[in-house]
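Let me begin by presenting the structure, written as structure tokens, before commenting on it.
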Amino acid sequence: MPFHLHPRISTLIAAGAGPSGSPGFAGLRRGDPAGLRAVLDHGLAQMSALPPTPGVTARTYRITAEDGTPLRLRWYTRDGATPGSAVVHLHGGGMIAGSADLYEPLVRTYVAWTGVPFLAVDYRLAPGAAVGVPAGDAFAGLRWARANAGDLGIDPARIAVMGDSAGGGVAAATAILARNAGIPIARQILIYPMLDDRNLIPNRHLTAEPTIFSYDFNFTAWRAVLGDIHGTDAVPAIAAPARNTDFADLAPAYIEVGELDIFRDEDVDYARRLWAAGVSTELHVHPGLPHAFDVLLIGDEAGERHKTERVRVLHDL
């Protein structure tokens, strides 16, 4: 039996949700990172339509990356909530688009749902950022959270890293950096993560339905992120975590992906490799759902199951 796109998702896409609703989508060409950034940012800006979260407050902090570059962090808390846990959050956007500002409505939503505070890291983007910089910036955010745990009212042993799409890939890379540095993290929460620069050959079963993030998008993004080393053995795991060869002692993982997402197979394989190394991993592959399904379904009856799962995982911290 063939795959079928969830009918509610199909309706939303037809109404202009996602990147296909961007004015620049029709003229976008493979290999044009500036054009793709505009399309993706337009799609991500649709999160501004999420319901308001009046009980969530935010503070801005400035830190310095290892190379001396200033970085901006945003710390979100729910009034009256003191769970002791926290999440370092990395936004999506193919590592060439997106920002903490564009993701603020979604981050506020998570904090409102759970009471778990989030630290959003505004990491640097390709093609301006050198290979591995996004993960390095995220790691700097993680280290800052640990160093300031007392002032923030959190337990440094209960900090997770989390992200969706490119942010999921950056979170996975941050988990690798943390393991290598001997810094424990509570969990890596990877939502349809972008992990493998070699995923470029279209799967006919997936291209038959709207995928939200296409193979041409994937080529364009990875080419901007990696430049001339794209597709070669020189790609490091902190840029494309699927290149990792040592999964031992990584943080326990939670991975979600839709069966119509072009990242499905790389995400399932990542879970398998974590299991093979003895790393506890929870994997969900959702029938009929494409990339970004969770954001599309927020507030919709069809999205309640996914909300419940995210709340459970965050509460478990």
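Read-outs: derived from the displayed coordinates by stated rules, not from any lab. Quantities reported herein were computed from a predicted structural model and do not represent experimental measurements. All Cβ positions, even for glycine, are placed from backbone atoms using ideal geometry, and neighbour counts span all protein chains on display.
Is it possible to state the helix-based mean residue ellipticity at 222 nm for the chain, with each DSSP H run of 4+ residues giving -39500 (n - 2.57), the sum divided by total residues, to the nearest 500 deg cm²/dmol? What is it? Walk me through the numbers before you get to the answer.
On the way: 11 runs with 114 residues, N = 317.
Calculated at 222 nm, the ellipticity per residue is -10500 deg cm²/dmol.
Two-decimal Rg/Rh of the range 62-169 from alpha-carbon positions, Kirkwood Rh?
Values: Rg = 13.2 Å, Rh = 13.9 Å.
Radius of gyration relative to Kirkwood radius: 0.95.
What order do you get for ASP267, ASP249 when you list them from fewest to most C-beta neighbours inside 10 Å?
If I rank by nearby Cβ atoms, fewest first, I get ASP249, ASP267.
Among MET162, MET95, rank each residue by its count of other Cβ atoms within 10 Å, from fewest to most, as a rough exposure measure. Walk me through the numbers before you get to the answer.
Working: MET162 26, MET95 30.
So the ranking, lowest neighbour count to highest, is MET162, MET95.
Find how many whole Å separate the alpha carbon centroid of the range 19-33 from the alpha carbon centroid of the range 228-269.
Cα centres, the range 228-269 to the range 19-33: 26 Å.
Provide Rg over Rh for the range 221-317; use the alpha carbon set for both Rg and the Kirkwood Rh (inverse mean inverse pair distance). Show your work: numbers first, answer last.
Working: Rg = 15.6 Å, Rh = 15.2 Å.
Answer for the range 221-317: 1.02.
Let me check against my output: what whole-number percent is the relative contact order of the range 7-315, with C-alpha pairs under 8 Å and at least 6 apart? Please list the in-between numbers first.
Numbers: 621 pairs, mean separation 51.2, N = 309.
Rounded, it is 17 percent for the range 7-315.
Would you calculate the separation in nanometres between label points at ALA277 and THR11, each defined as 7 Å from the Cα along the Cα-to-beta-carbon direction?
About 4.3 nm, to one decimal.
Give the separation of the Cα centroids, the range 69-137 to the range 158-196, in Å.
12 Å
For the chain, build the charge dipole from Cβ charges (+1 Lys, Arg; -1 Asp, Glu) around the Cα centre, then report which of ALA49, ILE212, GLY299 sits farthest towards its positive end.
The residue sitting farthest along the positive end of the dipole is ALA49.
Run through all the Cα pairs of the range 173-218 and give the fraction in each 10 Å bin from 0, expressed as whole percent.
The percentages, shortest bin first, are 20, 37, 23, 17, 2.
Sorted from largest to smallest, which semi-axis lengths in Å does the alpha carbon gyration tensor of the range 4-65 give for its equivalent ellipsoid, taking the root of 5 times each eigenvalue? Walk me through the intermediate numbers first.
Details: eigenvalues 153, 93, 18 Å².
One finds semi-axes of 28, 22, 10 Å for the range 4-65.
Below 8 Å, C-alpha to C-alpha, sequence gap of six or more: please give me the relative contact order for the range 1-135 in percent.
Working: 198 pairs, mean separation 30.7, N = 135.
Contact order relative to length: 23 percent.
Could you check the spin-label model distance between GLU304 and ARG30? Points 7 Å from the Cα along Cα→Cβ, value in nm.
A separation of 4.3 nm, rounded to one decimal place.
Which loop-located trypsin sites (Lys or Arg not before Pro) does the range 1-61 contain, where loop means any DSSP state but H, G, I, E or B and the Cβ has at most 11 other Cβ atoms within 10 Å? Spell out each step's value before the answer.
Numbers: sites: ARG8, ARG29, ARG30, ARG37, ARG59; in loops: ARG29, ARG30.
Counting only loop positions with at most 11 other Cβ atoms within 10 Å, the trypsin sites (Lys or Arg not before Pro) in the range 1-61 are ARG29.
Using only the alpha-carbon atoms, what does the range 7-315 span along each of its principal axes? Please give whole angstrom values in decreasing order.
50, 44, 37
Give me the extension gain from ALA181 to ARG124: residue separation times 0.36 nm, minus the current Cα-Cα distance, reported in nm with one decimal.
Values: separation 57, 0.36 × 57 = 20.52 nm, distance 2.15 nm.
Stretched out fully, the ALA181 to ARG124 stretch lengthens by 18.4 nm.
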